[in-house]
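Engineer: If you scroll down you'll find the structure; I have some questions about it.
The values are calculated or read from the model by the stated rules, or taken from the named source; none is laboratory data. For clarity, every value in this text was computed on a predicted model and none was experimentally measured. For neighbour counting, all protein chains shown are included, and Cβ atoms are generated from backbone atoms with ideal geometry for every residue, glycine included.
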Amino acid sequence: TEYGEAIDVEIVGTRYLYNGSLTVLVVIRDVSHLRTITELERKNKENSELLYETLEYDKIKTEFFSNLSHEFRTPINVILAALQLIKTIKEGALSGKEKNYLNIVKQNCYRLLRLTSNLIDITKIDSDFFDLKLVNCNIVEIAEAITLSVAEYIESKGITLSFDTNTEEKIIACDPEQIERVLLNLLSNAVKFTLSGGRIEVKLSDLGNIVIITVKDNGIGIPEDKQKTIFDRFRQVNKSLRRNSEGSGIGLSLVKSLIEKHGGKIYLRSKLGEGSEFTFEIPCEPAYIQTSSIISQSCMSNHSFVERARIEFSDIYDCIY
């Protein structure tokens, strides 16, 4: 080129007679764009192959974790059944120390079940294989029942627990089991960071097109620099802030994903030394299924809130109740 740049060109020449003389016509055309197109096609092919490999990897990973979950759950459930059998057969014959040992084994079985379930669901969500089982439920009834299921344990820790709502009934499309997991996870976190004498408040507000549920405590709070990553995968608040508890760093990330699967959002407000407030909102859209009143009752009948609470609270060392 006139600037001394080398470019790709196409040269076409032809001979013809012009005014009785043999003449050669040469046409030179810049074809740099063809190289660009070829390069783009090559990269597109590479990206397509990479995408296919990634999808295949995700599929294999999901299947692996599903199989792993089954392999974990089966022996864990056998251990839990054996523990229950021992307690039943040896009722009244176990010493206080023996009962304590059995409770420790049981709690750690629950912890393994919780970790396994969380890993499976996170993997499914990441691979877009996780589907909600939406039914029309009374979200007020669900939230209140979940709160009451852990009230005795929380109050035994010297912590006051309250539930408040501005409506007695609100039928929305949700997956009651996943809403249960979300609330139990938030309540579990509140217990971890709230000292004896503190309080935890659960509040449900019907705003017409959305339902807002807040779990608020007056515990030790979360440092500002930790709040930005609180919902990130495998990130934990500094363990020095925890008391008598453990965690995998999956819980709040899973909570966020489950809320977003419902089309909602979750927020955190916290101040170190004053407590934390987790608020999530869910849109009020009905599912296209049976009448809501029938479904609302069935939502509550098939769930063992206490058993689920034991699993979700299992990373607090003395949570067996």
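Engineer: Tell me, please, whether a residue that is free of Cβ contacts under 8 Å to residues at least 60 places away in the same chain and hydroxyl-bearing (Ser, Thr, Tyr) can be found in the stretch 178-188.
Structural biologist: No, there is no match, as no residue in the stretch 178-188 is free of Cβ contacts under 8 Å to residues at least 60 places away in the same chain and hydroxyl-bearing (Ser, Thr, Tyr).
Engineer: Let me ask another. Only one of Leu102, Leu94, Leu119, Leu55 is within 30 Å of Leu258 (Cβ to Cβ), surrounded by 11 or more Cβ atoms within 10 Å (Cβ to Cβ) and touching a helix residue (DSSP H, G or I) at 6+ places or on another chain (Cβ under 9 Å). Can you tell me which?
Structural biologist: Answer to the selection: Leu119.
Engineer: May I pose another question? Report whether or not Arg42 is out of contact with any Leu (no Cβ under 8 Å at 6 or more places or on another chain), not assigned by TED's automatic domain parsing to the domain that holds Ser117 and not in a helix (DSSP H, G or I).
Structural biologist: Considered against the rule, which asks whether it is out of contact with any Leu (no Cβ under 8 Å at 6 or more places or on another chain), not assigned by TED's automatic domain parsing to the domain that holds Ser117 and not in a helix (DSSP H, G or I), Arg42 comes out as no.
Engineer: If you don't mind, another one. Looking at Ser253, Ser292, Ser301, which one is among the hydroxyl-bearing types (Ser, Thr, Tyr), at pLDDT below 60 and surrounded by 17 or more Cβ atoms within 10 Å (Cβ to Cβ)?
Structural biologist: Just a single option satisfies the conditions, and that option is Ser292.
Engineer: Please go through the stretch 1-26 and give me each residue that is assigned to a strand (DSSP E or B) and of a type in the set (Phe, Trp, Tyr), ordered by number.
Structural biologist: Tyr16, Tyr18 - these are the residues of the stretch 1-26 that are assigned to a strand (DSSP E or B) and of a type in the set (Phe, Trp, Tyr).
Engineer: Look through the stretch 20-43, keep the residues that are among the hydrophobic types (A, V, I, L, M, F, W, C) and in contact (Cβ under 8 Å) with a residue 12 or more places away in the chain, and return whichever of them is surrounded by the fewest Cβ atoms within 10 Å (Cβ to Cβ).
Structural biologist: Val26
Engineer: Test of understanding: among Ile60, Ile86, which residue is among the β-branched types (Val, Ile, Thr) and at pLDDT 85 or above?
Structural biologist: Numbers: Ile60 fails: at pLDDT 85 or above.
After applying the criteria, what remains is Ile86.
Engineer: Here's another thing I want to ask about it. Scan the stretch 177-226 residue by residue and report those that are part of a helix (DSSP H, G or I) and either farther than 22 Å from Asn118 by Cβ or in the same structural domain as Ser117 (by TED's automatic domain parsing) (or both).
Structural biologist: Selection gives Glu224, Asp225.
Engineer: In the stretch 78-91, how many are in a helix (DSSP H, G or I) and either touching a residue at least 24 places away in the same chain (Cβ under 8 Å) or exposed (fewer than 11 other Cβ atoms within 10 Å of the Cβ) (or both)?
Structural biologist: 7
Engineer: Same structure again: Please state which of the following conditions Thr229 fails to meet, knowing it meets all the rest: (1) under 20 Å from Phe278 (Cβ atoms); (2) in contact (Cβ under 8 Å) with a residue 12 or more places away in the chain; (3) assigned to a loop (DSSP other than H, G, I, E, B).
Structural biologist: Thr229 satisfies all of (1) under 20 Å from Phe278 (Cβ atoms); (2) in contact (Cβ under 8 Å) with a residue 12 or more places away in the chain; (3) assigned to a loop (DSSP other than H, G, I, E, B) except (2).
Engineer: Before we move on, is Asn47 in contact (Cβ under 8 Å) with a residue 60 or more places away in the chain, more than 25 Å from Asp121 (Cβ to Cβ), in a helix (DSSP H, G or I) and of a type outside the set (Val, Ile, Thr)? Please lay out each step first, then the result.
Structural biologist: Numbers: in contact (Cβ under 8 Å) with a residue 60 or more places away in the chain: no; more than 25 Å from Asp121 (Cβ to Cβ): yes; in a helix (DSSP H, G or I): yes; of a type outside the set (Val, Ile, Thr): yes.
The answer is no for Asn47.
Engineer: Test Phe163 against the criterion of being in contact with a helix residue (DSSP H, G or I) (Cβ under 9 Å, 6 or more places away or on another chain) and at pLDDT below 90, and give yes or no.
Structural biologist: No; evaluated as a whole, the condition is false for this residue.
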